[in-house]
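Asks: Have a look at this one before I ask anything.
The values are calculated or read from the model by the stated rules, or taken from the named source; none is laboratory data. Predicted model, so just to flag it, every value in this text is computed and none were measured. No Cβ is skipped: glycine too gets one built from the backbone with ideal geometry, and neighbour counts run over all protein chains shown.
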Amino acid sequence: MSDRQSLVGYNRTVKLRWLDETVDLFLAGQTEAEIRQILRERLRDQLSVGQNPERGSREKTITILLRTWVKVPARVRALRDDGLGLLQRVRRSERLPLHWGMTMAAYPFWRVVADVTGRLFRLQGTASASQVQRRVKELFGEREAVARSARYVLRAFADWGVVLDTESKGTYRPAPATRIDDPSLIGWLLEATLLASDSDSTDFRTLAGSPALFPFQWAPASAGILTRSGRLDIVHHDIEHDLVLPRRASRQEIKQEHLVRRR
């Protein structure tokens, strides 16, 4: 597991409407400092009520909100900028794929939990919180912080409407998948999935069929949709296999970020 993947980071449940509010403020031209202060006011009666701890629930949630759309990691800045353009082309009710993609890219731990959940859905039709937590701990280590963060992500899945409760407490089933028809949005979401993965390259079929994308469906697409951003290359191995990888400049940026994080 890479250094980037070994960092959990996602330590609070973020509601979908909070992400909407954050990105709306950013699109309106507010600065990071202004957005942070506005979010503090809006979340005052919902998180850390009656308190103002520096690292309390409210501040940790705001950190996640900002990292997802505003103060994003350098490696996902271009993806974020394209995402902002796509946001302005869709209705508010159609933003789910964009929030999902940016959350994965900013917090790869989200993709891991989504991948585990999606695999369980494919295997048995449901996924229990205990099953997801057990598998995630196998990947990240037997730490309570890992199990707790996995719970935060699962609760976010429920708030976002991508999983539904079953008659068995603590067990979920997938909600009806969100249909995506825009090739640009499909390509963007697949690029986000690649950025969130533990590999700099992958087979297109594997990428397009990622269990981490269980909340979405689209018509069969070709690897060519990934070249629109100018950040990915497609290497044709044979008639059935296309390798997807970042262009040389993008690969250098990824390597540089890994070096910085190790210092």
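For every residue, the table says whether it meets (1) modelled with pLDDT of 70 or more; (2) out of contact with any helix residue (DSSP H, G or I) (no Cβ under 9 Å at 6 or more places or on another chain); (3) of a type in the set (Ser, Thr, Tyr).
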residue: Phe214; (1), (2), (3): yes, no, no
residue: Ile225; (1), (2), (3): yes, no, no
residue: Ser229; (1), (2), (3): yes, no, yes
residue: His237; (1), (2), (3): yes, yes, no
residue: Glu240; (1), (2), (3): yes, no, no
residue: Leu243; (1), (2), (3): yes, no, no
residue: Lys255; (1), (2), (3): no, yes, no
residue: Leu259; (1), (2), (3): no, yes, no
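Asks: If the requirement is being charged (D, E, K, R), modelled with pLDDT under 95, more than 22 Å from Leu194 (Cβ to Cβ) and in contact with a Ser or Thr (Cβ under 6 Å, 6 or more places away or on another chain), which of these qualifies: Arg58, Arg91? Before you say what the answer is, go through the steps one by one.
Replies: On the way: Arg91 fails: in contact with a Ser or Thr (Cβ under 6 Å, 6 or more places away or on another chain).
Just a single option satisfies the conditions, and that option is Arg58.
Asks: How many residues are part of a loop (DSSP other than H, G, I, E, B) and within 23 Å of Val132 (Cα to Cα) when one looks only at segment 189-231?
Replies: 7
Asks: Would segment 129-136 turn up any residue that is surrounded by fewer than 20 Cβ atoms within 10 Å (Cβ to Cβ), within 24 Å of Ile180 (Cβ to Cβ) and either at pLDDT 95 or above or not hydroxyl-bearing (Ser, Thr, Tyr) (or both)?
Replies: No: segment 129-136 contains no residue that is surrounded by fewer than 20 Cβ atoms within 10 Å (Cβ to Cβ), within 24 Å of Ile180 (Cβ to Cβ) and either at pLDDT 95 or above or not hydroxyl-bearing (Ser, Thr, Tyr) (or both).
Asks: Something else now. Might you let me know whether segment 122-134 holds any residue that is in a helix (DSSP H, G or I), more than 20 Å from Asn11 (Cβ to Cβ) and of a type outside the set (S, T, N, Q)?
Replies: yes
Asks: Shifting gears a bit: Under 8 Å by Cβ, and 6 or more places apart or on different chains, what pairs join a residue from segment 216-241 that is touching a residue at least 60 places away in the same chain (Cβ under 8 Å) and crowded, with 16+ Cβ neighbours inside 10 Å with one that is part of a strand (DSSP E or B) and not aromatic (Phe, Trp, Tyr)?
Replies: Once the first residue is touching a residue at least 60 places away in the same chain (Cβ under 8 Å) and crowded, with 16+ Cβ neighbours inside 10 Å and sits in segment 216-241, its partners that are part of a strand (DSSP E or B) and not aromatic (Phe, Trp, Tyr) give Phe216/Thr178; Phe216/Arg179; Arg231/Pro246.
Asks: Filter segment 152-188 down to the residues that are assigned to a loop (DSSP other than H, G, I, E, B), among the hydrophobic types (A, V, I, L, M, F, W, C) and either over 26 Å from Leu84 (Cα atoms) or without any contact (Cβ under 8 Å) to a residue 60 or more places away in the chain (or both) and list them by number.
Replies: Within segment 152-188, the subset assigned to a loop (DSSP other than H, G, I, E, B) is 161-162, 166-170, 175-177, 180-182.
Checking which are among the hydrophobic types (A, V, I, L, M, F, W, C) leaves us with 162, 175, 177, 180.
Scanning segment 152-188 gives Ala175, Ala177.
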